[in-house]
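Visitor: Structure incoming, see below.
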Amino acid sequence: MERYPFNYARYIFEHNRLNSDSVAFVDSQGALTYQQWQFESEKFAAVLTDCGIRSNNYVVVCVKTTKQFPVLFFACLLQGIVPVLLEPDSGPELIARFVDKLQASAVITDGEHDYKISITKYCNKNSTIIKDYEYQPDDYAFVITSSGTTGDPKLVRHRHKILFDVWNTAKISDYKLNSNSVIMSTAKLNYGWG
């Protein structure tokens with residue numbers, strides 16, 4: 001079996017350590033550097049753990065594709081928590097169905113819904129940074145949903161090894177990118193690929 005690094009989120013943070021002041025994400029609210037991304041992800045990972053959420057627990061995520069999204073996604077990866085990524089405008093019935101189906105420990109929102117955990121409520125909370133989750137390549141990393149064109153969105157589970165497989169096959173060096181490169185993406189981060 002191919003050897004994978006211990007934690008994908010930590011791997012990305014370490015890979016960008018020398019460029020920690022470079023911008024990782026930009027949205028309408030401003031920019032997020034790699035250093036800020038790491039700090040905020042570690043802080044929110046500790047908040048999730050303080051709330052009793054453990055590795056291999058599912059959490060339903062309903063947030064807009066803003067700089068909060070990569071923060072909470074990587075917070076989950078750091079702790080081995082499996083985020084179930086739903087459209088931010090998913091209705092309460094759909095959210096409740098996935099919470100019940102997966103026995104999700106929490107619903108994470110951007111503060112516009114009245115659910116269990118709000119990112120904005122905890123953004124200034126002091127929590128203890130805890131040890132990264134060391135997962136196995138076949139452990140679930142995240143869950144997305146299909147479009148629901150049949151009337152019932154399906155869950156699509158992705159394993160940790162797929163994150164590294166995508167990273168390793170992207171051949172970033174072929175694109176001659178460097179720390180000053182800017183890449184734009186309009187792809188939704190919370191919807192099924194393809």
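Visitor: Check region 169-187 and report whether any residue there is of a type in the set (Phe, Trp, Tyr) and either at pLDDT 75 or above or open to solvent by less than 90 Å² (accessible area, probe 1.4 Å) (or both).
Guide: no
Visitor: Please go through region 82-99 and pick out each residue that is touching a residue at least 40 places away in the same chain (Cβ under 8 Å) and either within 15 Å of Ala9 (Cβ to Cβ) or open to solvent by less than 20 Å² (accessible area, probe 1.4 Å) (or both).
Guide: Once the filter is applied, which keeps residues that are touching a residue at least 40 places away in the same chain (Cβ under 8 Å) and either within 15 Å of Ala9 (Cβ to Cβ) or open to solvent by less than 20 Å² (accessible area, probe 1.4 Å) (or both), region 82-99 yields Val82, Pro83, Val84, Leu85, Leu86, Phe98.
Visitor: A follow-up question, please. With a cut-off of at least 2 residues that are touching a Cys at 6+ places or on another chain (Cβ under 9 Å), name the strands (runs of 3 or more DSSP E) lying wholly within region 7-97.
Guide: By residue number, 58-62, 82-85.
Visitor: OK, next. Being open to solvent by less than 20 Å² (accessible area, probe 1.4 Å), of a type in the set (Val, Ile, Thr) and within 24 Å of Glu14 (Cβ to Cβ) narrows it down to one residue among Val59, Val47; which is it?
Guide: Val47
Visitor: Anything in region 12-21 that is among the polar types (S, T, N, Q) and open to solvent by 30 Å² or more (accessible area, probe 1.4 Å)? List them, or say none.
Guide: Those that are among the polar types (S, T, N, Q) and open to solvent by 30 Å² or more (accessible area, probe 1.4 Å): Asn19, Ser20.
The values are calculated or read from the model by the stated rules, or taken from the named source; none is laboratory data. A quick note: this is a predicted structure, and the numbers were derived from the prediction, not measured. As a convention, Cβ positions derive from the backbone with ideal geometry for all residues, glycine included, and neighbour counts pool all protein chains shown. The accessibility values were calculated without ligands, DNA or RNA, using every heavy atom of the protein model including side chains. Shrake-Rupley method; radii C 1.70, N 1.55, O 1.52, S 1.80 Å.
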